[in-house]
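Colleague: Supplied in structure tokens, the structure appears directly below.
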Amino acid sequence: MIIAIDGPSGAGKSTAAKALAERLGYLYIDTGAMYRAVALEMRKRAIGTEDTRGLSQLLASIRLSFLNDGKGNRLLCNGEDVTEAIRTPEISRFASEISRSPMVREALVRIQREMGQMGGVVLEGRDIGTVVFPDADVKFYLDALPEERARRRHQELVGKGLSVGFEETLREVTERDRSDMSRSHSPLRKADDAYLIDSTDRSVEEVVEVMVRVIHEKRGSGEAAHR
């Protein structure tokens with residue numbers, strides 16, 4: 001099956017998607033990390049958002065792949081493990097900015113479709129069920145209150161030793177929401193046939209249990225229809 005999980009920043013998509021993929025024995029594809037990797041590579045090469053030639057060359061040559069080596073899901077960019085390097089506030093902000101670029105989105109959507117076309121995947125992002133795989137077998141839209149999402153993000157940053165205030169994190173979360181939902185190309189929105197899960201007061205385990213139940217129901221109805 002192809003399973004799509006969308007939702008805003010801090011809703012718990014990555015954690016739930018990783019746990020779900022492990023539970024099902026599927027490949028986990030973090031599409032948001034792919035945008036961060038492009039942002040990181042642009043910073044390394046000093047490519048600005050207006051440098052269409054430089055950006056085009058980067059997108060034509062970039063190699064992205066996911067690896068689960070027993071230490072968790074790792075993202076390789078041109079053979080280099082960038083899993084930790086892409087998780088800084090600066091790269092997060094820049095990734096949000098470049099995600100507005102049709103050139104970037106078209107290039108990464110193509111790569112994402114190649115990764116997931118054989119099935120057996122859990123893809124997580126902001127436009128999976130609406131753009132990347134509109135015909136995904138099961139779609140989820142994971143959401144939570146902005147304050148709760150900011151609290152989770154703040155804990156993550158502090159846990160990495162970064163000095164950042166909660167109010168600053170909340171502003172970044174709400175600004176990211178505004179940016180993702182208002183962009184003209186592939187805006188964040190819930191697919192009409194996506195199953196909505198509010199994770200505000202749910203643990204990761206509870207969210208995954210809901211997902212597994214929905215997947216089993218979907219699979220069961222599909223088998224019944226096939227018979």
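Colleague: Please give the calculated 222 nm ellipticity per residue for the chain, where each DSSP H segment of at least 4 residues contributes -39500 (n - 2.57) and the sum is spread over every residue; nearest 500 deg cm²/dmol?
Modeller: Mean residue ellipticity at 222 nm (helix-derived): -16500 deg cm²/dmol.
Colleague: Peptides 104-117, 155-168: what's the order by average Cβ count within 10 Å, highest mean first?
Modeller: 104-117, 155-168
Colleague: If you don't mind, there's one more thing I want to ask. Name the shape class, rounded, prolate or oblate, that the alpha-carbon gyration tensor gives for region 64-132, where a ≥ b ≥ c are the square roots of its eigenvalues, rounded holds for a/c under 1.5, and otherwise prolate holds if a/b is larger than b/c and oblate otherwise.
Modeller: oblate
Colleague: Mind pulling the per residue volume of the convex hull built on the Cα atoms of the chain? Å³ is fine.
Modeller: Dividing the Cα hull volume of the chain by its residues yields 125 Å³.
Colleague: Moving on. Among residues other than A194 whose Cβ falls under 14 Å from its Cβ, what is the net charge (Lys/Arg +1, Asp/Glu -1)?
Modeller: -3
Colleague: Given an 8 Å cut-off on Cα distances and at least 6 residues of separation, report the relative contact order of region 1-114 as a percent.
Modeller: 24
Colleague: With a 1.4 Å probe and every protein chain left in place, work out the accessible area per residue of region 156-212 in Å², rounded to a whole number.
Modeller: For region 156-212, the solvent-accessible area averages 59 Å² per residue.
Colleague: Quick one: helix 52-61 against the long Cα principal axis of the chain, what's the angle to the nearest 10°, folded into 0 to 90?
Modeller: Relative to the chain, helix 52-61 is tipped by roughly 50 degrees.
Colleague: Highest mean first, what order results for 126-137, 72-83, 45-56, 14-25 on Cβ atoms within 10 Å?
Modeller: 126-137, 14-25, 72-83, 45-56
Colleague: Using alpha-carbon positions, what is the distance between the centroids of region 202-220 and region 25-83, in Å?
Modeller: Cα centroid of region 202-220 versus Cα centroid of region 25-83: 30 Å apart.
Colleague: Within the chain, what percent of beta bridges assigned by DSSP are antiparallel, to the nearest 5?
Modeller: 30
Colleague: So for region 122-210, what percent of the C-alpha to C-alpha distances run longer than 22 Å?
Modeller: 37
Colleague: List the lysines whose Cα lies under 18 Å from the Cα of K160, skipping any in the same chain that are fewer than 8 positions away.
Modeller: The qualifying lysines are K71.
Colleague: Taking square-rooted eigenvalues a ≥ b ≥ c of the alpha carbon gyration tensor, is region 66-196 rounded, prolate or oblate, where a/c under 1.5 means rounded and, failing that, a/b exceeding b/c means prolate?
Modeller: Oblate.
Colleague: Expressed as a rounded percentage, what relative contact order does the chain have, with Cα pairs under 8 Å and six or more residues apart?
Modeller: Result for the chain is 33 percent.
The values are calculated or read from the model by the stated rules, or taken from the named source; none is laboratory data. Everything numeric in this text was worked out from a predicted model, so none of it was measured. Every residue, glycine among them, receives a Cβ derived from its backbone with ideal geometry; neighbour counts consider all protein chains shown. Protein only, heavy atoms only, side chains kept; ligands, DNA and RNA dropped before computing areas. Shrake-Rupley method; radii C 1.70, N 1.55, O 1.52, S 1.80 Å.
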